[in-house]
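Reading through the structure tokens given below for one structure.
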Amino acid sequence: MVSEIRKVCVIGAGTMGTGIAAQVANAGDHVLLLDIAGDDANRNGPAERGLERIVKSDPPLLMKPENADRISVGNISDHLGAVSECDWIVEAIVERLDIKRRLYRDLLPNLKEGALVSSNTSTIPISLLMEDMPHELRQRFSITHFFNPVRYMRLLELVEGPDTQPEVMALLADYCDRKLGKGVVRCADTPGFLGNRVGVYAMQKAIHEAMALGIDIEDADAIFGRPMGIPKTGAFGLYDLIGLDLMADVVRSLRSILPQGDPFHEVGAENALVNSQVEKGYTGNKGGKGGFYTRQDGKAMAIDLATGQWRERKKDLPGIAIAGEREGLGALIAGDDRLSEFAWRVLSGILTYSASLVPEVTHSPQDIDDAMKLGYNWIRGPFEMIDEIGTDAFVARLEADGQHVPEFLREAAGEPFYRVNGSSLEVRHWGGEYAPVALPEGAVRFHMLRRTLKPVVENDSASLFHIDGGVRLVEFHSKANALDDKSMEIVMAAAQDPGPGIIVHNDGQHFSAGVNLERFKAFIEAEDWEGIDVFLAGFQDAVEAQLYCNAPVVGAPSGLALGGGFEVLAHCDLVIAHANTVMGLVEAMVGVVPAGGGVKETYLRWFRRTGDWEKAAWNTFNQIGYGKTGSSPDLAAELAYFEPGRDGQVMNRDRLVEASLAALAKSREGYRPRARPEFELAGGEVYAAMRKFLQDGRASGKFLDHDVVVASEIARIVTGGEGAAKAQVGERDMYRYEREAFLRLARTPETLARIAGMLSGKPVRN
């Protein structure tokens, strides 16, 4: 067996194959992408078109465009011999057993000694794939089931065959964890494995019950969404996102491979409405016409489940969804109306179905929870949901309703599936035994770790913990991690007593997309200008205290780190970012300027790169004015939001804490906060040139009126404004200029309109 994976061959340049190839290239390794031969004029055409889709993908599959240089293409008729250079061959071709077996036979004489081979299949059992395979290949064969889009979906289901060597599984698990950034879940060779078996059942259950009870699709999606800790698309919206035709095929596939008597068959029958929509071309978002939702004559429309006709889409969320998101699952299932009945039927169906898979599919409920959190972006897994309801309360209600109670659930009644035992979080396995939650060595999921910790200070928006060696960890946990004065209270508390160092990190979907716009909207509508200034000054004081405290500070973001969220990172000594982190200052889009030190820090970074304050002023003006962001640390580095020589990144977000602790330990040696910088304002001539640029852009239609007003304020901060001389100013002056510019913009009706539009989901350009 090969000792390490350095070059990979992906066979199949479709959606999954190109996604896998792109992620291997992102990891820094070379990829050979093969597909069937094209016509005589271009035999590599199918693979070349796959590479072109990678390069043009949106959202981007590549973390930076240059990563495409690591991908070479070919075809299996002419270039199969090239796999002899590869350590791992991933088959991602059509789901036909005969075609896959033929490929494996052709591969065998070309394989490098000890090379690993795996299939990306999700529907064909590994026992069938290996049925007529030579023993030498059976030992190195597995299923590696990735989820789409591969760059962004964290789950990898890893399935071994009866002869697969343990060393093969260990090497693949480690490579996919550390290099490809995946949360690896070991699955038994059962139909649908874990993610799709539960995830597709959950979608089908929601759609089935909505139709049975006559629930409007907007209400169904609002309930089967954020209140349950599931992405806001719900079921009907997710069908549109994936494609009604593709989902219909997935359902048919699962229906064909799941045993008779499986509850999936109760909700997975052919759906006349889905088939009708597909026949009429309403295949979902990809087709441009919509699926269950669409737009007609500028109006948002939704399908009426009873009539199959379009009607105007409802705007207001049902009260049960609002209560559920605020108060938890209990509020969803407490009522006796139709919507509460829908919530109970869906939730109880998903949770009992999940429990019924133990021990057939796995002995540990953590595997199922991880599959749903990593593969479907659920905030909580099914067994974590049961714990929230209470196992005894849940079983009692199932029994009162006459519903079947799976044995694993019945034996756990009165006991949680997860419990804290000393400093360890444990999970209940089949048979009633508890064992520590299973994670690879060095991996940390803070939402699990925090259950074993007691906050030193906490409020509704953030908490401060002491972790390894007394290191302080600041966690934001407000809705969407929007920052407010309470968030900054915790930042300040950490800065005032930093111990051996501070990590700013959370395990939310996004680190923080910025300050709480609802709060600013309320300030503006009340004309409370002093309140705005006090809030901004408090924010600035907190990030300044963080930057100049007497211990190193590491920001450890994942997801979005925008606006105020990025400003917190900008005032850390260094950043250890997940490789998918999006960074930038986007305040101009809502009619304001960064006022938490964002302009100041961007200006300073560009000066340090260029050595020229005027160039720094122009770079700052342009990128903040346009609201530019970097969709990966590599791209953020091009905007000076990320410093490769100082900052670091990891492919797996489960390793952010580990890498941050290591960075802190290294930074503590002789640590001194940075010297307070002096700034030079670029002066009135530069301001006049920036104003001319804006006026010319407005005249040509590139900019709207308020774009010019906002960008002029950015220009004023870095130049001093009209007629200003070049002048040396201090850091506190730069903070003040930001606040003053923010307040001038906040007083304009155009800014209020932009903020209100962003909050309503209908961004305003004015």
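The values are calculated or read from the model by the stated rules, or taken from the named source; none is laboratory data. Here the structure is a predicted model, which means the values were calculated and not measured. Every residue, glycine among them, receives a Cβ derived from its backbone with ideal geometry; neighbour counts consider all protein chains shown.
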Report summary line: The residue that is surrounded by the fewest Cβ atoms within 10 Å (Cβ to Cβ), considering only those in the range 162-215 that are small (Gly, Ala, Ser) and part of a helix (DSSP H, G or I), is ALA170
**Report entry** Pick from the range 518-530, criterion under 29 Å from ARG472 (Cβ atoms) and surrounded by fewer than 20 Cβ atoms within 10 Å (Cβ to Cβ), ranking: farthest from the chain's Cα centre (by Cα)
**Finding:** ARG519
Report summary line: By residue number, the members of the range 396-408 that are buried (at least 18 other Cβ atoms within 10 Å of the Cβ) and more than 33 Å from the chain's Cα centre (by Cα) are LEU398
Query raised in the report: So is VAL534 assigned to a helix (DSSP H, G or I) and either out of contact with any His (no Cβ under 8 Å at 6 or more places or on another chain) or under 24 Å from ARG646 (Cβ atoms) (or both) or not?
Result: yes
Report task. Test each condition in (1) in the same structural domain as GLU384 (by TED's automatic domain parsing); (2) in contact (Cβ under 8 Å) with a residue 12 or more places away in the chain for GLY183 and report the one that comes out false. Result -> (1)
Query raised in the report: From ASP634, ASP647, which residue is in the same structural domain as GLU544 (by TED's automatic domain parsing), surrounded by fewer than 21 Cβ atoms within 10 Å (Cβ to Cβ), at pLDDT 95 or above and not hydroxyl-bearing (Ser, Thr, Tyr)?
Result: ASP634
Query raised in the report: Would you pick out the residues in the range 1-33 that are in a helix (DSSP H, G or I), more than 20 Å from PRO46 (Cβ to Cβ) and either acidic (Asp, Glu) or out of contact with any Lys or Arg (no Cβ under 8 Å at 6 or more places or on another chain) (or both)?
Result: none
Report summary line: Among strands (runs of 3 or more DSSP E) completely within the range 426-516, the ones holding 3 or more residues that are crowded, with 16+ Cβ neighbours inside 10 Å are 462-466, 472-476, 502-505
Query - Single condition THR233 does not satisfy, out of (1) within 30 Å of ALA331 (Cβ to Cβ); (2) touching a residue at least 24 places away in the same chain (Cβ under 8 Å); (3) assigned to a loop (DSSP other than H, G, I, E, B) - result: (2)
Query raised in the report: Does any residue of the range 342-355 turn out to be more than 16 Å from PHE394 (Cβ to Cβ) and assigned to a loop (DSSP other than H, G, I, E, B)?
Result: no
Query raised in the report: What number goes with the only condition from (1) assigned to a loop (DSSP other than H, G, I, E, B); (2) in contact (Cβ under 8 Å) with a residue 40 or more places away in the chain; (3) surrounded by 15 or more Cβ atoms within 10 Å (Cβ to Cβ) that PRO416 does not pass?
Result: (2)
Requested in this report: For the range 248-257, state whether one or more residues are buried (at least 24 other Cβ atoms within 10 Å of the Cβ), at negative phi and either out of contact with any Ser or Thr (no Cβ under 7 Å at 6 or more places or on another chain) or not assigned by TED's automatic domain parsing to the domain that holds GLN309 (or both).
Outcome: no
Query raised in the report: For residues in the range 57-70 being out of contact with any strand residue (DSSP E or B) (no Cβ under 9 Å at 6 or more places or on another chain) and among the charged types (D, E, K, R), which is nearest to VAL10 (Cα to Cα)?
Result: ASP69
Report task. Would you confirm whether any residue within the range 266-280 is buried (at least 18 other Cβ atoms within 10 Å of the Cβ), in contact with a Lys or Arg (Cβ under 9 Å, 6 or more places away or on another chain), more than 22 Å from ALA300 (Cα to Cα) and at pLDDT 95 or above? Result -> yes
Query - Residues (acidic (Asp, Glu) and farther than 14 Å from GLU544 by Cα) located in the range 481-496 - result: ASP484, ASP485
Report summary line: Given (1) in contact with a Phe, Trp or Tyr (Cβ under 9 Å, 6 or more places away or on another chain); (2) surrounded by fewer than 18 Cβ atoms within 10 Å (Cβ to Cβ), GLY761 misses just (1)
Query raised in the report: Mind checking whether some residue in the range 369-383 is in a loop (DSSP other than H, G, I, E, B), surrounded by 13 or more Cβ atoms within 10 Å (Cβ to Cβ) and in contact with a Pro (Cβ under 6 Å, 6 or more places away or on another chain)?
Result: yes
Query raised in the report: Only one of GLY298, GLY288, GLY261, GLY284 is surrounded by fewer than 14 Cβ atoms within 10 Å (Cβ to Cβ), on the phi > 0 side of the Ramachandran plot and within 25 Å of the chain's Cα centre (by Cα); which?
Result: GLY288
Report task. Can you give me the ranges of the helices (runs of 4 or more DSSP H) entirely in the range 541-629 with at least 2 residues that are among the aromatic types (Phe, Trp, Tyr) and over 28 Å from the mean Cα position of the chain (by Cα)? Result -> 598-610, 613-625
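For every residue, the table says whether it meets (1) within 29 Å of LEU374 (Cβ to Cβ); (2) touching a helix residue (DSSP H, G or I) at 6+ places or on another chain (Cβ under 8 Å); (3) assigned to a loop (DSSP other than H, G, I, E, B).
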{"site": "TYR239", "(1), (2), (3)": "yes, yes, no"}
{"site": "VAL250", "(1), (2), (3)": "yes, yes, no"}
{"site": "GLY261", "(1), (2), (3)": "yes, no, yes"}
{"site": "GLN277", "(1), (2), (3)": "no, yes, no"}
{"site": "LYS286", "(1), (2), (3)": "yes, no, no"}
{"site": "THR294", "(1), (2), (3)": "no, no, no"}
{"site": "LEU305", "(1), (2), (3)": "no, yes, yes"}
{"site": "LYS314", "(1), (2), (3)": "no, yes, yes"}
Query raised in the report: What is the one condition in (1) crowded, with 16+ Cβ neighbours inside 10 Å; (2) within 25 Å of LEU254 (Cβ to Cβ); (3) not assigned by TED's automatic domain parsing to the domain that holds SER356 that ASN110 does not satisfy?
Result: (2)
Query raised in the report: Just one of the numbered conditions (1) under 26 Å from VAL543 (Cβ atoms); (2) touching a Lys or Arg at 6+ places or on another chain (Cβ under 8 Å) is not true of ALA711; which one?
Result: (2)
